[in-house]
Amino acid sequence: MMYVHCTASVNIKQDQPIDVKAECKKVASSFVRRTDRFIQLGLLGVSGIKEQQVLDKNTALFMVSGQGNLSVFNRLCQQRYVENMPPKPVDFINSLSNTAGFYIAKYLELESKNLNLAQQGFVVENALLLADANLKTKQEKCILLGGVDEKVDASNSPHDYLDLPLNTQLGEGSNWMLLSGEVEGAQASIEVATPQFNQQTLLAYLALLTPTTHIAFGQRMSNEMIDSIQLLLPCLLFEYRDECDFYETNILYVLNKFIKQQQGNLLFIDGFEGQYKIIIVI
């Protein structure tokens, strides 16, 4: 079991006007010139952690994303294959998978492990499992885990490759939590069930769980599956969808929001391609 000691979130809805660069200048002005919007979104998110707590320099950084810095990849393709020009140096550097992690670590003055994970489906759950393993084996004492996803331009048909209905609102965000294996001073505990379930094994597992006060569902979950689970577990629905549009790592926003409200325990169930994962917050 891991313990959450600090959280910070920046959550932006699809039609919410916000100048990320201008906001980033307010908290990390010296980091704006050579960074792009994706990195600036990451810096803006972790600035909330920096405001609350001074981190030990040996704190590990685990940064996750659904698509990574896709906008810089698109710019590189435009420069190379449409304009027939070599890539701009800053874009080329920022295309490296861990460049955002480098700037965030520098901003926070961290000197420890710096990992970047990107994938569609269960990226947050897998990162939490990795963090748990690192803490249990004493490889790390503290881990700053965060998710960053930038809203993709509509011209790139994001609904197609995300396998989402066309009416799904697409947001973006930068959400972070400081984790350790120590309970002292913690705001909550968090645990990811190790198995990956199918529909049958998920319902069987849920039937054996101790009662929970709240439940929430990932935005890829079908209404039919949600209805089946709510019949099985008649607990309060922790609703977040009115204030959080879809992005791959918005699970961290939901967890942070629940922890901040401190109103019991939460069972978060996420689904992807017929498989399911469970996160428990107490």
For the chain, built as a Gaussian network whose Cα springs stay under 10 Å, the top-fluctuating residue of Asp245, Asp149, Asp19: Asp19
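Based on Cβ point charges of +1 for Lys and Arg and -1 for Asp and Glu, what charge dipole magnitude is obtained for the chain about its Cα centre, in debye rounded to the nearest 20? Before the final figure, lay out each step's value.
Values: 23 positive and 31 negative charges, 184 e Å.
Using Cβ point charges on Lys, Arg, Asp and Glu, the chain gives about 880 debye.
Counting every Cα pair in the stretch 130-282, what percent are over 21 Å apart?
Values: 5830 of 11628 pairs.
Considering the stretch 130-282, 50 percent of its Cα-Cα pairs are separated by more than 21 Å.
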Residue-normalised accessible area of the chain, expressed per residue, 1.4 Å probe, Å²: 49
Of Leu236, Leu203, Gln262, farthest towards positive along the dipole that unit charges on Lys, Arg, Asp, Glu beta carbons give the stretch 199-282: Gln262
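Return the carbon/sulfur percentage of the accessible area of the chain, one whole number, probe 1.4 Å, all protein chains in place.
Details: 7110 of 13740 Å².
In the chain, the share of accessible area belonging to carbon and sulfur is 52 percent.
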Helix 250-261 axis, angle to the chain major axis (alpha carbon atoms, nearest 10°): 60
Among (i) 49, 47, 37; (ii) 59, 44, 32; (iii) 55, 35, 33, the entry derived from the coordinates for Cα extents along the principal axes in Å: (ii)
Selection from Phe31, Ile279, Gly171 lying farthest towards where the dipole of the chain points positive, charges on Cβ: Phe31
Nearest-0.05 FRET efficiency for Lys21 and Lys113, computed from C-beta distance (R0 35 Å): 0.75
Cα-based helix-to-principal-axis angle, 123-136 vs the chain, degrees rounded to 10: 80
Beta bridges per DSSP with both ends in the chain, % antiparallel, nearest 5: 65
Label point distance in nm, Ile282-Asn167, each placed 7 Å from Cα along Cα→Cβ: 4.0
Cα centre as origin, Lys/Arg/Asp/Glu Cβ charges: the stretch 100-219 dipole, Debye: 280
Low-density loop positions, trypsin sites (Lys or Arg not before Pro), the stretch 1-54 - DSSP coil, at most 10 other Cβ in 10 Å: Arg33
C-alpha center-to-center spacing [the stretch 211-250, the stretch 142-196] in angstrom: 15
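The values are calculated or read from the model by the stated rules, or taken from the named source; none is laboratory data. All of these numbers come straight from a predicted model, not from anything done at the bench. Every residue, glycine as well, gets a Cβ built from its backbone with ideal geometry; the counts of neighbours run over all protein chains shown. Accessible surface areas use protein heavy atoms only, side chains included; no ligands, DNA or RNA. Shrake-Rupley method; radii C 1.70, N 1.55, O 1.52, S 1.80 Å.
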